[in-house]
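Enquirer: Below is a structure I'd like to ask you about.
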Amino acid sequence: MRGGLVYGLSLVLAFCSFYYELALGQILSVNLGGTKQQYFIIFALFTTALGFGSLCFGRLKKNYPLEKIFVGVEIALTLLGGLSPFVITGLFASLSTFWAAAISYFLVFSIGFASGFELICLFTLLPQNHGKILTFDYLGMLAAALLFPYYLLPELGVGASTVLVATLNLAALTVIMPLGPKMRLALSAVVGISVLLSYQQQDTLQDFLVKLYLGAK
Amino acid sequence: MAGAMILAGLTTEYTGEDIYSQSFTMGPYLLGLGIGSSWADRVYESSRLKWLWGLEFSSLLIIASMPTLYLMSVFLFSHAMPFEVVLDNLESLRFMLALTSVLALLMGILGGSQFPLLLKLPHKIKEEVLVMINYMGPLMALGLLLFSEVMSWPLWHQVSLVVFLQLLGLMALNVVLQQRRPFYLSLLVIFPLIVLNHSQSRIEGLLIRSSYLSTRTQLTSWGSWQNLLRFLDNYATLERVRTPYQTIDLLIEPPDYQLSLPGNATIYLNRKPQFDLATVDVYHQSMVEAALNLKKDIKSILILGAGDGLLLKEWSPRSFEKLTMVELDAKMIEWSATHPIMKELNQGALSGHDPRVEIIVDDAIHYLKNNRQGFDLVLIDFPFPNSVDLAKLYSHEFYALVKRALKSDGLLILDLPILQDATGNLALEGQTILKTLDSAHFKNPLVFGPHASFVAYAQNQSKLEFDYSHMQNISLQTKLNLVPILKKLDFSQGEVNSMLRPRVL
């Protein structure tokens, strides 16, 4: 893979992962209270999971080709990241606080674990340029750190912005996967429709989440 | 990372701007990490270890001296400029955010270049193991902050802990380098750093007092500096308590016999004034007397916030069956129950002797979500919503939960902190609060209090009015505050604030 593409991927994937971290912090603090505490727990769990993810990469690499691992990770992240705010809010509506919190933290750990594979996959793709890959990784995090409080959260809300970011995660697949022109077109169409829907239906998504939240115990 | 977090906390404390402070710290810090790691690729193989030592040493110096330099710069800047108020103005805010950005960028560059250098050093450790260990660093910092009392430590203790951990890293590098000179050099810097950090508490005290007392002196000579420092040292005393959730300041001003001014004590939460001796009674009595006047036969009461015990004190001599107070900050309750001045003000209401009163330490959102017992009256007394965290307590979802906690004929009274803009209309922040309450089906607001303002709602949406024929045993000051204001309420410009789509208040 070309250097520019790897750097671009590093930026986008770091943006998505850091966004999930922030969005999950917001969702869990809304459901459990104690914003500072929840953000700390999420960051701690997420970081640990990132570490375990990168550690497990070595074992997985022996059995599967890099491309397959990467694609699997991105599909998992798109689904887990994109659905987690809705699933977590639903869990608090239907289960006891203990079980809802336990499953939510497991979800957070899973997203972190999957994200942990990303950086090390990118390192393997471009072994001589660790520093530059890290640069774009940090820049992606910077973009998420600025866009989350100033645009995504206040303008789109957690629901719509999560769908948007998950779509971006899905778009990364078109770069990684060896696709034929028809499949590439189909995947691009799915991405495009998702972006449009998340913008147009932002109020519906917001109302849905609020109703789910208020239905909670 | 711990250094950046301390810097973000410091900036939040002095600017009062949560989002800006976090962004202007974490943004440049991450940018610095990026620049640092990009630069690290260009370092020659032979000099990597030396660079690593130099970078680690520089980080140590910057983190150790950062709070003192920061506070000193802000103090000097705010007194060298002809501002009306020392800290709370736009110029000071810009200066502090610029200073924060530069320091965070510097810390980021130093931190970001270390990991790629470490990865490229000759070693037998697998890359993924190193990446994992690298992730464990921030985990340690976060764990330390979360599961210990570190967050309520004085600033210089927090910094000392980070410096100590960094020093351990430097020692480890010294072992790798197998050289004695850098080892002694790193030991030598510890002592001046401790002295520097210790002086930070004095600078912090001076800065806070000068801000609260709005000292404005033309500092043109050494003599004027000395006069200012003498005044700040001798005039008022400042007591500062840090809790995991807020910083409580108690400023005690002695009486001035020459000017016939009585002494005063003022409480600040996160540097925002809450009350002083002149306003303490009218605020709390207004809330309680308004409730008793608007609703007869109050049996069950829920108070959200008010950890100072002053609302409890007003309820103590009244007749009711059950009062539940939910306060997040246990340390605030403890301080208010034991501090001589606070104990005098709340008349020991937090002592736990009244069997009708239950004090619960919990997040109000969490409590409301998990308790569905109905209350006749809900009183909300939260600090000013100047952070995302506090804005959640002024959101659609929160008010919907409050509505659920009220009986069908219940009453809600809450503090309405931001009232009028320069043109005399309801300020945008106030409009947002009322619009958000309206979205949660709280209709027909009664906004009252020309001195301390509140808003009251009936659960059954009926129109509320004061009955002035039943206001005999109320102090004149409080009676004068139970007056409706803003009769023509227009909150059309406001937006609905949601926890899931927050609007800046």
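The values are calculated or read from the model by the stated rules, or taken from the named source; none is laboratory data. Values in this document were obtained by computation on a predicted structure and should not be read as measured data. FYI the Cβ positions are ideal-geometry reconstructions off the backbone, even for glycines, and counts take in every protein chain you see.
Enquirer: Given the residues B:Val402, B:Val483, which is the only one that is touching a residue at least 24 places away in the same chain (Cβ under 8 Å), of a type outside the set (Asp, Glu) and surrounded by 14 or more Cβ atoms within 10 Å (Cβ to Cβ)? Explain how you work it out, then say what you get.
Expert: Values: B:Val483 fails: surrounded by 14 or more Cβ atoms within 10 Å (Cβ to Cβ).
Within the list B:Val402, B:Val483, the selection yields B:Val402.
Enquirer: Identify all residues within segment B:358-381 that are under 22 Å from B:Asp409 (Cα atoms) and assigned to a strand (DSSP E or B); write none if there are none.
Expert: B:Phe375, B:Asp376, B:Leu377, B:Val378, B:Leu379, B:Ile380, B:Asp381
Yes/no per residue for (1) at pLDDT 90 or above; (2) in contact with a strand residue (DSSP E or B) (Cβ under 7 Å, 6 or more places away or on another chain); (3) of a type outside the set (Phe, Trp, Tyr):
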| site | (1), (2), (3) |
| --- | --- |
| A:Leu91 | yes, no, yes |
| A:Ser94 | no, no, yes |
| A:Ser115 | no, no, yes |
| A:Ile120 | no, no, yes |
| A:Phe148 | no, no, no |
| A:Leu153 | no, no, yes |
| A:Leu185 | no, no, yes |
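Enquirer: Still on this structure, please answer the following. Determine whether B:Leu416 is away from every other protein chain (no Cβ under 14 Å), under 29 Å from B:Ser316 (Cβ atoms) and either touching a Lys or Arg at 6+ places or on another chain (Cβ under 8 Å) or of a type in the set (D, E, K, R) (or both).
Expert: No.
Enquirer: Please go through segment B:290-305 and give me each residue that is surrounded by 23 or more Cβ atoms within 10 Å (Cβ to Cβ) and touching a helix residue (DSSP H, G or I) at 6+ places or on another chain (Cβ under 8 Å), ordered by number. Even if it seems obvious, please write down each step before you answer.
Expert: At the first step, the residues of segment B:290-305 found to be surrounded by 23 or more Cβ atoms within 10 Å (Cβ to Cβ) are B:290-291, B:301-304.
Of everything in segment B:290-305, those that are surrounded by 23 or more Cβ atoms within 10 Å (Cβ to Cβ) and touching a helix residue (DSSP H, G or I) at 6+ places or on another chain (Cβ under 8 Å) turn out to be B:Ile301, B:Leu302, B:Ile303, B:Leu304.
A quick yes/no check of all residues on (1) of a type outside the set (Phe, Trp, Tyr); (2) at pLDDT 80 or above:
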position	(1), (2)
B:Gly36	yes, yes
B:Ser46	yes, no
B:Phe75	no, no
B:Ser78	yes, no
B:Asn89	yes, no
B:Leu93	yes, no
B:Leu119	yes, no
B:His123	yes, no
B:Glu127	yes, no
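Enquirer: May I ask you to list the residues in segment B:235-252 that are more than 14 Å from every other protein chain (Cβ to nearest Cβ) and touching a Ser or Thr at 6+ places or on another chain (Cβ under 7 Å)?
Expert: Looking only at segment B:235-252, we keep the residues that are more than 14 Å from every other protein chain (Cβ to nearest Cβ), and these are B:235-241, B:248-252.
B:Arg240, B:Leu251, B:Ile252 - these are the residues of segment B:235-252 that are more than 14 Å from every other protein chain (Cβ to nearest Cβ) and touching a Ser or Thr at 6+ places or on another chain (Cβ under 7 Å).
Enquirer: Could you please give the count of residues in segment B:5-17 that are of a type outside the set (Phe, Trp, Tyr), closer than 18 Å to B:Glu91 by Cα and surrounded by 20 or more Cβ atoms within 10 Å (Cβ to Cβ)? Reasoning before the result, please.
Expert: If we filter segment B:5-17 for residues that are of a type outside the set (Phe, Trp, Tyr), which is where we start, we get B:5-13, B:15-17.
Now drop any that are not closer than 18 Å to B:Glu91 by Cα, which leaves B:10-13, B:15-17.
This time we only want the ones that are surrounded by 20 or more Cβ atoms within 10 Å (Cβ to Cβ), so: B:10-12, B:15.
Number of matching residues: 4.
Enquirer: In segment A:105-133, what residues are facing another protein chain (nearest Cβ under 10 Å), touching a residue at least 24 places away in the same chain (Cβ under 8 Å) and not aromatic (Phe, Trp, Tyr)?
Expert: First, the residues of segment A:105-133 that are facing another protein chain (nearest Cβ under 10 Å): A:112, A:116-117, A:119-120, A:123-124, A:127-133.
Narrowing the set further to residues that are touching a residue at least 24 places away in the same chain (Cβ under 8 Å) leaves A:112, A:116-117, A:119-120, A:124, A:129, A:132-133.
Correct list: A:Gly112, A:Gly116, A:Leu119, A:Ile120, A:Thr124, A:Asn129, A:Lys132, A:Ile133.
Enquirer: Does segment A:158-169 contain any residue that is hydrophobic (A, V, I, L, M, F, W, C), away from chain B (no Cβ under 14 Å) and surrounded by fewer than 22 Cβ atoms within 10 Å (Cβ to Cβ)?
Expert: If we filter segment A:158-169 for residues that are hydrophobic (A, V, I, L, M, F, W, C), which is where we start, we get A:158, A:160, A:163-166, A:168.
Within this subset, residues satisfying the condition of being away from chain B (no Cβ under 14 Å) are A:165-166, A:168.
Of the ones still in play, those that are also surrounded by fewer than 22 Cβ atoms within 10 Å (Cβ to Cβ) are A:168.
Checked segment A:158-169: at least one residue is hydrophobic (A, V, I, L, M, F, W, C), away from chain B (no Cβ under 14 Å) and surrounded by fewer than 22 Cβ atoms within 10 Å (Cβ to Cβ).
Listed here are the residues, each with its yes/no results for (1) within 23 Å of B:Leu406 (Cα to Cα); (2) exposed (fewer than 14 other Cβ atoms within 10 Å of the Cβ); (3) away from chain A (no Cβ under 14 Å); (4) aliphatic (A, V, I, L, M).
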| residue | (1), (2), (3), (4) |
| --- | --- |
| B:Leu446 | yes, no, yes, yes |
| B:Pro450 | no, yes, yes, no |
| B:Val455 | yes, no, yes, yes |
| B:Gln459 | yes, no, yes, no |
| B:Met471 | no, no, yes, yes |
| B:Ser475 | no, yes, yes, no |
| B:Lys479 | no, no, yes, no |
| B:Phe491 | no, no, yes, no |
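Enquirer: In addition: Within segment A:50-59, is there a residue that is in contact with a helix residue (DSSP H, G or I) (Cβ under 7 Å, 6 or more places away or on another chain) and closer than 18 Å to A:Thr162 by Cα? Break it down into steps so the answer makes sense when it comes.
Expert: Initial filter on segment A:50-59 (in contact with a helix residue (DSSP H, G or I) (Cβ under 7 Å, 6 or more places away or on another chain)): A:50-55, A:57-58.
Filter again for closer than 18 Å to A:Thr162 by Cα, leaving none.
Within segment A:50-59, not a single residue is in contact with a helix residue (DSSP H, G or I) (Cβ under 7 Å, 6 or more places away or on another chain) and closer than 18 Å to A:Thr162 by Cα.
Enquirer: Looking at segment B:1-37, which of the residues that are small (Gly, Ala, Ser), in contact (Cβ under 8 Å) with a residue 24 or more places away in the chain and within 9 Å of chain A (Cβ to nearest Cβ) is nearest to A:Leu139 (Cα to Cα)?
Expert: Among residues in segment B:1-37 that are small (Gly, Ala, Ser), in contact (Cβ under 8 Å) with a residue 24 or more places away in the chain and within 9 Å of chain A (Cβ to nearest Cβ), the one nearest to A:Leu139 (Cα to Cα) is B:Gly34.
Enquirer: Let me confirm something: among B:Leu155, B:Leu168, which residue is farther than 19 Å from A:Ala49 by Cβ, touching a Pro at 6+ places or on another chain (Cβ under 7 Å) and at pLDDT 70 or above?
Expert: On the way: B:Leu168 fails: touching a Pro at 6+ places or on another chain (Cβ under 7 Å).
Residue meeting the stated conditions: B:Leu155.
Enquirer: A further question follows. Filter segment B:361-385 down to the residues that are among the aliphatic types (A, V, I, L, M) and within 8 Å of chain A (Cβ to nearest Cβ), then identify the one that is surrounded by the most Cβ atoms within 10 Å (Cβ to Cβ). Before you say what the answer is, go through the steps one by one.
Expert: Let us first name the residues in segment B:361-385 that are among the aliphatic types (A, V, I, L, M), namely B:361, B:364-365, B:368, B:377-380.
With the extra rule that they be within 8 Å of chain A (Cβ to nearest Cβ), the set shrinks to B:364-365.
Details: B:Ala364: 22, B:Ile365: 25.
Per the criteria, the residue is B:Ile365.
Enquirer: When you scan segment B:433-448, do you find a residue that is among the polar types (S, T, N, Q), free of Cβ contacts under 8 Å to residues at least 60 places away in the same chain and within 16 Å of B:Val496 (Cα to Cα), even just one? Walk me through it before giving the result.
Expert: Applying the first criterion (among the polar types (S, T, N, Q)) to segment B:433-448 yields B:436, B:439, B:444.
Those still in the list that are free of Cβ contacts under 8 Å to residues at least 60 places away in the same chain too: B:439, B:444.
Pick out the ones that are also within 16 Å of B:Val496 (Cα to Cα) and you get B:439.
The answer is yes, given that some residue of segment B:433-448 is among the polar types (S, T, N, Q), free of Cβ contacts under 8 Å to residues at least 60 places away in the same chain and within 16 Å of B:Val496 (Cα to Cα).
Enquirer: Taking the stated definitions as given, is A:Gly157 under 30 Å from A:Ser96 (Cβ atoms), among the small types (Gly, Ala, Ser) and modelled with pLDDT of 85 or more?
Expert: On the way: under 30 Å from A:Ser96 (Cβ atoms): yes; among the small types (Gly, Ala, Ser): yes; modelled with pLDDT of 85 or more: yes.
Spelling it out, A:Gly157 is indeed under 30 Å from A:Ser96 (Cβ atoms), among the small types (Gly, Ala, Ser) and modelled with pLDDT of 85 or more.
Enquirer: Continuing with the same structure: Would you confirm, using the coordinates I've provided, whether A:Leu50 is part of a helix (DSSP H, G or I) and either more than 19 Å from the chain's Cα centre (by Cα) or at pLDDT 85 or above (or both)? Outline the logic, then answer.
Expert: Working: part of a helix (DSSP H, G or I): yes; either more than 19 Å from the chain's Cα centre (by Cα) or at pLDDT 85 or above (or both): no.
Against the criterion (part of a helix (DSSP H, G or I) and either more than 19 Å from the chain's Cα centre (by Cα) or at pLDDT 85 or above (or both)), A:Leu50 does not qualify.
Enquirer: If you don't mind, another one. Do any residues in segment A:66-89 that are closer than 19 Å to A:Leu126 by Cα have Cβ atoms under 9 Å from those of residues that are aromatic (Phe, Trp, Tyr) and crowded, with 18+ Cβ neighbours inside 10 Å, where the two are at least six apart or on different chains, and which pairs are they?
Expert: A:Ile69/A:Phe57; A:Ile69/A:Phe117; A:Phe70/A:Phe117; A:Val73/A:Phe117
Enquirer: So, one more: Just need a number here: residues in segment A:17-74 that are within 10 Å of chain B (Cβ to nearest Cβ) and touching a Cys at 6+ places or on another chain (Cβ under 8 Å).
Expert: Residues in segment A:17-74 being within 10 Å of chain B (Cβ to nearest Cβ) and touching a Cys at 6+ places or on another chain (Cβ under 8 Å): 1 in total.
Enquirer: For segment B:406-499, list the strands (runs of 3 or more DSSP E) that sit wholly inside it and hold at least 2 residues that are more than 29 Å from the chain's Cα centre (by Cα) and either farther than 22 Å from B:Asn386 by Cα or small (Gly, Ala, Ser) (or both); which are they?
Expert: Numbers: elements: B:406-415, B:446-448, B:454-458.
By residue number, B:406-415.
Enquirer: For A:Ser10, indicate whether it is buried (at least 17 other Cβ atoms within 10 Å of the Cβ), in contact with a helix residue (DSSP H, G or I) (Cβ under 9 Å, 6 or more places away or on another chain) and within 13 Å of chain B (Cβ to nearest Cβ). It would help to see each step written out before you state the result.
Expert: Values: buried (at least 17 other Cβ atoms within 10 Å of the Cβ): yes; in contact with a helix residue (DSSP H, G or I) (Cβ under 9 Å, 6 or more places away or on another chain): yes; within 13 Å of chain B (Cβ to nearest Cβ): yes.
Answer is yes for this residue.
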